[in-house]
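Worksheet: the structure to be examined is printed underneath.
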Amino acid sequence: MLTCVIRYRIDPARPALFTRYARGWAEAIPRCGADLVGYFAPHEGSSTLAFGIYHIESLAAYEAYRAKLAMDPAGRENYAFAQAERFLLSEERTFVKRADREPGR
């Protein structure tokens with residue numbers, strides 16, 4: 001199992017747009033094959049740093065998930081919303097795996 005951590009830098013003057021974007025993924029991500037942990041918006045400290053986190057079985061499963069997400073109506077709508085509103089200043093994906101316990105536990 002891998003965990004994808006998406007680090008966003010968002011427009012600090014438009015945090016409500018990130019919240020709308022995050023809520024737009026709530027059904028599409030699980031429907032397309034990933035286990036959504038959640039989206040996290042700035043609260044204290046940085047006003048520009050936000051995260052999206054989900055679990056995925058493997059990198060091969062990630063590729064299939066991305067293809068499904070690109071075809072999903074809610075996914076396409078959310079992508080278009082982000083492009084039109086331009087509140088995401090940058091986006092960086094990192095895949096990590098659990099290190100604090102043995103595999104399969």
- Query: Conditions: (1) open to solvent by 50 Å² or more (accessible area, probe 1.4 Å); (2) in a helix (DSSP H, G or I). Ala82 meets all but one. Number of the miss?
  - Reply: (1)
- Query: Does segment 36-50 contain at least one residue that is part of a helix (DSSP H, G or I) and either over 14 Å from Asn78 (Cα atoms) or not charged (D, E, K, R) (or both)?
  - Reply: no
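Could you tell me whether Ala99 is over 21 Å from Pro30 (Cβ atoms), at pLDDT below 95 and of a type in the set (A, V, I, L, M)? Write out each step before concluding.
Working: over 21 Å from Pro30 (Cβ atoms): yes; at pLDDT below 95: yes; of a type in the set (A, V, I, L, M): yes.
So Ala99 passes the test.
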- Item | In segment 58-79, the residues that are of a type outside the set (A, V, I, L, M) and open to solvent by less than 100 Å² (accessible area, probe 1.4 Å) | Ser58, Tyr62, Tyr65, Arg66, Asp72, Pro73, Gly75, Asn78, Tyr79
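Restricting the search to segment 48-57, which residues are open to solvent by 10 Å² or more (accessible area, probe 1.4 Å) and under 22 Å from Ala84 (Cα atoms)? Give the steps one after another, and end with the answer.
Narrowing segment 48-57 to residues open to solvent by 10 Å² or more (accessible area, probe 1.4 Å): 48-49, 51, 53, 55, 57.
Within segment 48-57, Thr48, Leu49, Phe51 meet the criteria.
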- Task: Write out, first by first residue and then by second, each pair whose Cβ atoms fall under 7 Å of each other, whose residues are 6+ apart or on separate chains, and whose first residue, in segment 80-96, is closer than 13 Å to Arg20 by Cβ while the second is open to solvent by 50 Å² or more (accessible area, probe 1.4 Å).
- Result: Phe87/Arg14
- Task: Filter segment 3-23 down to residues that are open to solvent by less than 40 Å² (accessible area, probe 1.4 Å) and not β-branched (Val, Ile, Thr) and give me whichever is nearest to Arg93 (Cα to Cα).
- Result: Cys4
- Looking across segment 24-47 at residues that are out of contact with any Leu (no Cβ under 8 Å at 6 or more places or on another chain), open to solvent by less than 50 Å² (accessible area, probe 1.4 Å) and not small (Gly, Ala, Ser), the single one that is farthest from Leu88 (Cα to Cα) is Leu36
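Going residue by residue through segment 64-72, is there one that turns out to be touching a strand residue (DSSP E or B) at 6+ places or on another chain (Cβ under 7 Å) and under 30 Å from Glu102 (Cα atoms)?
Going through segment 64-72, the residues touching a strand residue (DSSP E or B) at 6+ places or on another chain (Cβ under 7 Å) turn out to be 65.
Now restrict to residues that are under 30 Å from Glu102 (Cα atoms): 65.
Yes; the residues of segment 64-72 include at least one that is touching a strand residue (DSSP E or B) at 6+ places or on another chain (Cβ under 7 Å) and under 30 Å from Glu102 (Cα atoms).
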- Task: Name every residue in segment 24-54 that is in contact (Cβ under 8 Å) with a residue 12 or more places away in the chain and among the charged types (D, E, K, R), in order of residue number.
- Result: Glu27, Arg31, Asp35
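The values are calculated or read from the model by the stated rules, or taken from the named source; none is laboratory data. Bear in mind that the values here come from a model prediction, so they are computed numbers and not experimental data. Note that we place each Cβ from the backbone using ideal geometry, even for glycine, and neighbour counts take in every protein chain shown. Just so you know, the surface numbers come from the protein's heavy atoms only, side chains and all, with ligands and any DNA or RNA stripped out. Shrake-Rupley method; radii C 1.70, N 1.55, O 1.52, S 1.80 Å.
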